[in-house]
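The values are calculated or read from the model by the stated rules, or taken from the named source; none is laboratory data. Note that the coordinates shown come from a computational prediction; the quantities given were computed from them, not determined experimentally. For neighbour counting, all protein chains shown are included, and Cβ atoms are generated from backbone atoms with ideal geometry for every residue, glycine included.
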Amino acid sequence: MSVELDVVPEADLLPEDVRALTEWYGERFWAERPPFTCRILARSGAEIVGHLGIGTRVIAAGDQDIQVGGIGGVRTRESWRGKGIATLLLRRAQETMRDDLALPFGFMTCRPEIAPVYLRLGWQEVAGPTVVGAGDEAKEYAGLSLILALGDVAWPEGPIDLRGRSW
Ligand SMILES: CC(C)(COP(=O)(O)OP(=O)(O)OC[C@H]1O[C@@H](n2cnc3c(N)ncnc32)[C@H](O)[C@@H]1OP(=O)(O)O)[C@@H](O)C(=O)NCCC(=O)NCCS
């Protein structure tokens, strides 16, 4: 069956989509995430078979403030894995961040074992170290930090502070 991609601003998410995503990810997942600006949904008929969210925030990298599109919640339904759904979602996220949101970079934190999914699509590891969380919650992230350059600006090297939770 064919799959269609839907880019949905957060305010336009349909109640049935919110319900389906909450059932799929669990309440706790959403409680722990910072808000997204928009979602990319892969739909097959009435079913959501893949999802990711893009949240925008100014973070610190080296001695600069830099706006990023933070990617989170990348997931494909188990029975749909290995069919290129995440690849479609990530390519569309790249276009959305560059063309619609006019962002210079995508950013994500990621477990090392999942990194190949992203590295093959142009994402690059940056050294950081990366602090996630703010105030009492702030701590150094133990996994990888990945960026996606969306223009010709160079990523500022040096420590990264997400100034909040990761997506
Ligand atoms: C990771 C995940 C999103 C991949 O989704 P998918 O739709 O199956 O991915 P694709 O079919 O587009 O695969 C893209 C490529 O990444 C590879 N890949 C897929 N899952 C992988 C994984 N878990 N680890 C390493 N590589 C993986 C595929 O082999 C494929 O490469 P190929 O075309 O050379 O074979 C999916 O396995 C998933 O939902 N996992 C559970 C949630 C999760 O861990 N999300 C990531 C959070 S950072």
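Quick notes on this structure:
- Residues that are charged (D, E, K, R) and under 24 Å from A20 (Cβ atoms) do not occur anywhere in segment 113-129.
- From A93, A127, residue being under 17 Å from P159 (Cα atoms) and of a type outside the set (D, E, K, R): A127
- Tabulated pairs, segment 114-128, first farther than 15 Å from V74 by Cβ, second modelled with pLDDT of 95 or more and within 11 Å of the ligand (Cβ to nearest atom), C-beta under 6 angstrom, 6+ apart or interchain: E125/L144; E125/L146
- The residue list A102, A127, A115, A138 contains one member that is small (G, A, S), modelled with pLDDT of 95 or more and under 23 Å from V8 (Cβ atoms), which is A102.
- Flag for A11 being outside any strand (DSSP E or B) and either surrounded by fewer than 11 Cβ atoms within 10 Å (Cβ to Cβ) or charged (D, E, K, R) (or both): yes
Conditions tested, residue by residue: (1) within 13 Å of the chain's Cα centre (by Cα); (2) acidic (D, E); (3) closer than 21 Å to H51 by Cα.
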site: T76; (1), (2), (3): no, no, yes
site: E125; (1), (2), (3): no, yes, no
site: V131; (1), (2), (3): no, no, no
site: L162; (1), (2), (3): no, no, no
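- The one condition from (1) surrounded by fewer than 19 Cβ atoms within 10 Å (Cβ to Cβ); (2) of a type outside the set (A, V, I, L, M); (3) closer than 22 Å to R111 by Cα; (4) under 17 Å from the mean Cα position of the chain (by Cα) that Q67 does not meet is (3).
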